[in-house]
Amino acid sequence: MEIKVVKRIMEANEQHAEVVRRRLRESGVVALNLISAPGSGKTSLIEAAIRELKGRVRIGVIEGDPDTTRDAERIARLDVPVVQINTEGGCHLEATMVLRALEEIEVDNLQLLFIENVGNLVCPVVFDLGETYRVAVVSAAEGHDKPAKYPALFRTAQVTVLNKIDLMPYLDFDEEQFTADVRRLNPEIPILRVSCRTGEGVSEWTEWLLQRL
Amino acid sequence: MHEFSIAEAIIHATQEVVQANGGGKVEEIHLRIGELRQVVPDALLFAFDVLKQDTPLAEASLHWETVPAQVRCKACNTEYHPNDVFWECPSCGAIGGEVVAGEELDIVGVTLMEGSDGD
């Protein structure tokens, strides 16, 4: 017997993402899904934002990692609510995981929610988490060719953060090429140059965040 | 490696289709996959073969057609097939555009083994 259907493969995740979106809207929370390769500085960007905005904005963080609670411990030291999701080897977060975490983190008390995805430039792009904005993070040490190699992330993101710009003098990073490639994928996307280490560009990052609220 | 994630979702979605149609053993799953999803066929087949073990889909095979990417220019509305990761309108040269086709990840048919359906 042949069953003729048109069923979206990602349907289950899409439905959960819609529930997350509705839940965020009801609570008046802006959620950011940070996607990057491992080690680009997602946690550092979140820490930098918390240091700048704490006291002014009620922030929460959902940390996604295959294993360990190290990132959540880093965030907890800054005294903001944090939930760690361990995917147990899984390479991306899914909307159901975020949905569970929303209740745990008491989303109604928040204004701004960071969702740090598992470090991976491919799989997280396919899974809508119901976020308000998608943030693509690249560190200069990864090379300028990441946008061209992983176009789907840069096409679907609303902002690109180029992190670790303090390392540029030691790298063969072609920033002109990087910027041109990002703009060819997504003509209007802002590109924020940041060094969490020196603090350069952190105020532009937090300014961008404040404008989203 | 997102082929593993997609294979997992295919198994889940197919089981939903089968249950909604009275159950049965799956022989074939027919898919429509958009070019922009950058799915590597061998990687998807491998992932599916690994993950289907111990599920009601253990004997199922995967078949799919690739849907070519189609983009609509935001400036002049021309629809074209992008030949590169960077989309440049062949008529007016504008960069970027809206996706008309090429992001499909659909199940379009499920074949059940003879005599295995719930009827």
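Nothing in this text is a laboratory measurement; each read-out follows from the coordinates by a stated rule. Since the model is a prediction, treat every value here as computed from it, not as a measurement. Neighbour counts are summed over all protein chains in view; Cβ atoms, including those assigned to glycine, are modelled from backbone coordinates with ideal geometry.
Tabulated data
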{"quantity": "Filtered GluC sites (Glu not before Pro), region A:106-193: DSSP coil and at most 14 other beta carbons within 10 Å", "calculated": "A:Glu106, A:Glu188"}
{"quantity": "Contact order normalised by residue count of chain A, Cα under 8 Å, 6+ apart, percent", "calculated": "25"}
{"quantity": "Kirkwood hydrodynamic radius of region A:11-212, from inverse mean 1/r over distinct Cα pairs, in Å", "calculated": "16.9"}
{"quantity": "Binned Cα-Cα distance frequencies in chain B - 5 Å width, integer %", "calculated": "2, 11, 19, 17, 13, 11, 9, 7, 5, 3, 1, 0"}
{"quantity": "Partner lysines for A:Lys146 [C-alpha distance under 21 Å; skip if fewer than 8 residues away on the same chain]", "calculated": "A:Lys42, A:Lys164"}
{"quantity": "Value of D in µm² per second that Stokes-Einstein yields for region A:96-198, Kirkwood Rh from Cα pairs, at 4 °C (1.567 mPa s)", "calculated": "86"}
{"quantity": "Peptide-level mean, for A:94-101, of C-beta atoms on other protein chains within 10 Å", "calculated": "0"}
{"quantity": "Shielding score for B:18-25, defined as the mean number of other chain Cβ atoms within 10 Å", "calculated": "1"}
{"quantity": "For A:6-16, mean number of other protein chain Cβ atoms within 10 Å", "calculated": "6"}
{"quantity": "Region A:1-52 shape via C-alpha gyration tensor axes, a/c threshold 1.5", "calculated": "oblate"}
{"quantity": "Ranking of A:Tyr150, B:Tyr80 by count of other Cβ atoms within 10 Å, fewest first", "calculated": "B:Tyr80, A:Tyr150"}
{"quantity": "Local electrostatic count, A:Asp128, Cβ distance below 10 Å [Lys/Arg +1, Asp/Glu -1]", "calculated": "-2"}
{"quantity": "Relative contact order (%) - region A:152-213, alpha-carbon pairs under 8 angstrom, separation at least six", "calculated": "39"}
{"quantity": "Among beta bridges that DSSP assigns inside chain B, antiparallel share in %, nearest 5", "calculated": "65"}
{"quantity": "Longest site-free stretch - chain B; sites: GluC sites (Glu not before Pro), DSSP loop, at most 13 other Cβ within 10 Å", "calculated": "B:1-58"}
{"quantity": "Binned Cα-Cα distance frequencies in region A:121-162 - 10 Å width, integer %", "calculated": "28, 58, 13, 0"}
{"quantity": "Spin-label proximity, B:Ala20 to region B:80-119 - amide N less than 16 Å from point 7 Å beyond Cα toward beta carbon", "calculated": "B:105-112"}
{"quantity": "Of all DSSP beta bridges in the protein assembly as shown, antiparallel share, percent nearest 5", "calculated": "35"}
{"quantity": "Near-label residues of region A:55-74 by backbone N, under 18 Å of a point 7 Å along Cα→Cβ of B:His12", "calculated": "A:64-66"}
